[in-house]
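Peer 1: Quick one: structure below, then a few questions.
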Amino acid sequence: MDIVSRFLKYVSFDTQSAEDAETVPSTAKQLDFARYLRDELEDIGLKEIYLDDMGYLYATLPANTQRECPVVGFISHMDTSPDCSGANIKPRIVEKYDGGDIILNDEGMKTGPDKFPELKAHIGEDIIVTDGHTLLGADDKAGIAAIVQAMVYLKEHPEIEHGRIRVAFNPDEEIGMGAHHFDVERFGCDWAYTMDGGDVGELEYENFNAASGKVEITGVSVHPGYAKGKMVNAIRVAADFVEALPKDEVPEKTEGYEGFFHSTGIEGNVERATVSYIIRDHDRDRFEQRKRLFLKTADELNAVYGEGTVKATVKDQYYNMREQIDPLPHVIDVAVKAMADAGVSPRIQAIRGGTDGAQLSFKGLPCPNIFAGGLNFHGPHEFLPIPNMEKAMQVVVNICKIVGEFNS
Ligand SMILES: [Zn+2]
């Protein structure tokens, strides 16, 4: 089976994950796809195939060299975003894209370079698009297809010497739970790569340090006609808190390595109000400063409105994986060389978010992120230039080859 047929088969499975589910995986339908993949890995002759009841699938391509080389792993996620339907995906291949608008369906929905200038880099290529009613699922089934096809390729080319290769496919990445039940010990790799980036060349090993913040305000409710000197309106205190944080350090005004405070929710009345935040920064020191400023803002408001009016708490969510990767420069060097050997210029960028790899890095598995090829994730404008996915597959093969030459 070629990589395109494999990808098209994968997106025929609806694997949408769900926020706030009590189960693991968050949706049972992800297990159907996990079982299909397990059987496929068996068919292509991978070993030590293990699917646990939470939907985590692990397998091995055994070494074909006697050389003592590191064990490297490749990881992709099986679920698609809760933001957009992943049921009855009807992918279509636009052959030799001409640079104009692509009509997605007969309701007139189209995608084009005006809105999505990234398309221009893919003129002349065959591109897989949706029918405008669902997402495509290239995030991250293009990654799975690239990894599986690379394993097939290595089996068919025994002259390429490689060490022990591990692959893993996990559920629930899109709801931030992909790394939670990932069994790093069972996986047993020196390091790994998530194949979950976007356009060709992407290589990421820096992400935000992340915390959530919560502000709980207790007001004093009094009849408004007789409130002078007595009432403390929790709503107004909440507004003061929001105003007190740096106004330009918000997602809509920051980019690159600039961190932010982002208010994600507010609810309240005179007596009680809560404001939810996320706090982000690539730099660990600035991240700690941000958390301190958040807590100090509560103290300052308490000095105005009375002790106990405002209670602020912060909770760390994840950290920048760069801390874990920096001591291991070969992890990045291998990926850069693998891309160069595939004719791809690496585009290293800092993620303004987190990845499963970030969490895995702190669980002891250094894990940068490499492109899988798709663009415009999580919506009906998602598309996948086929050469992107083929390059991702070559990068996987090249990494196996380069690591197989270690210690030689
Ligand atoms: Zn993804």
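Peer 1: Please go through region 71-98 and pick out each residue that is in a loop (DSSP other than H, G, I, E, B) and within 16 Å of the ligand (Cβ to nearest atom). Talk me through it step by step, then tell me what you get.
Peer 2: Here is the first cut: in region 71-98, the ones in a loop (DSSP other than H, G, I, E, B) are 71, 78-79, 81-91, 95-98.
Answer for region 71-98, where residues must be in a loop (DSSP other than H, G, I, E, B) and within 16 Å of the ligand (Cβ to nearest atom): 78, 79, 81, 82, 83, 84, 86, 89.
Peer 1: So, in region 163-190, of the ones that are among the aliphatic types (A, V, I, L, M) and at pLDDT 95 or above, which residue ends up surrounded by the fewest Cβ atoms within 10 Å (Cβ to Cβ)?
Peer 2: 184
Peer 1: I'd like to know if region 206-223 contains one or more residues that are farther than 30 Å from residue 312 by Cβ and aromatic (Phe, Trp, Tyr). Outline the logic, then answer.
Peer 2: Narrowing region 206-223 to residues farther than 30 Å from residue 312 by Cβ: none.
No, that holds for no residue.
Peer 1: Next question, about the same structure. Looking at 61, 119, can you tell me which residue is among the aliphatic types (A, V, I, L, M), away from the ligand (no atom under 16 Å from the Cβ) and either more than 23 Å from the chain's Cα centre (by Cα) or loosely packed, with under 15 Cβ neighbours inside 10 Å (or both)?
Peer 2: Just one listed residue meets the conditions, 61.
Peer 1: Follow-up question, since we're still on this one. I need a count of the residues in region 371-389 that are assigned to a strand (DSSP E or B) and either of a type in the set (A, V, I, L, M) or open to solvent by 30 Å² or more (accessible area, probe 1.4 Å) (or both). Don't jump to the end; show me each part of the working.
Peer 2: First, the residues of region 371-389 that are assigned to a strand (DSSP E or B): 371, 375, 383-385.
Imposing the further condition that a residue be either of a type in the set (A, V, I, L, M) or open to solvent by 30 Å² or more (accessible area, probe 1.4 Å) (or both) reduces the set to 375, 384.
Within region 371-389, residues that are assigned to a strand (DSSP E or B) and either of a type in the set (A, V, I, L, M) or open to solvent by 30 Å² or more (accessible area, probe 1.4 Å) (or both) number 2.
Peer 1: Okay, next question. Looking at 216, 206, 243, can you tell me which residue is in contact (Cβ under 8 Å) with a residue 24 or more places away in the chain, more than 16 Å from the ligand (Cβ to nearest atom), of a type in the set (Asp, Glu) and open to solvent by 60 Å² or more (accessible area, probe 1.4 Å)?
Peer 2: 216
Peer 1: Here's something else I'd like to know. Among the residues of region 340-370, which ones are within 20 Å of residue 147 (Cβ to Cβ), outside any helix (DSSP H, G or I) and either within 11 Å of the ligand (Cβ to nearest atom) or touching a Ser or Thr at 6+ places or on another chain (Cβ under 8 Å) (or both)?
Peer 2: 355, 367, 368, 369, 370, listed by residue number.
Peer 1: Just to verify a result, which residue in region 148-162, among those that are buried (at least 23 other Cβ atoms within 10 Å of the Cβ) and under 21 Å from residue 10 (Cα atoms), is farthest from the ligand (Cβ to nearest atom)?
Peer 2: Let us first name the residues in region 148-162 that are buried (at least 23 other Cβ atoms within 10 Å of the Cβ), namely 148-151, 162.
In the following step, the residues that additionally are under 21 Å from residue 10 (Cα atoms) were identified as 148-151.
On the way: 148: 16, 149: 18, 150: 18, 151: 20 Å.
Out of the qualifying residues, it is 151.
Peer 1: Looking at region 372-386, which of its residues are aliphatic (A, V, I, L, M) and within 11 Å of the ligand (Cβ to nearest atom)?
Peer 2: Once the filter is applied, which keeps residues that are aliphatic (A, V, I, L, M) and within 11 Å of the ligand (Cβ to nearest atom), region 372-386 yields only 372.
The values are calculated or read from the model by the stated rules, or taken from the named source; none is laboratory data. Every value quoted in this text rests on a predicted model; they were computed, and no experiment measured them. Glycine gets a Cβ as well: all are built from the backbone with ideal geometry, and neighbour counts include every protein chain shown. Note: areas computed on protein heavy atoms with side chains; ligands, DNA, RNA excluded. Shrake-Rupley method; radii C 1.70, N 1.55, O 1.52, S 1.80 Å.
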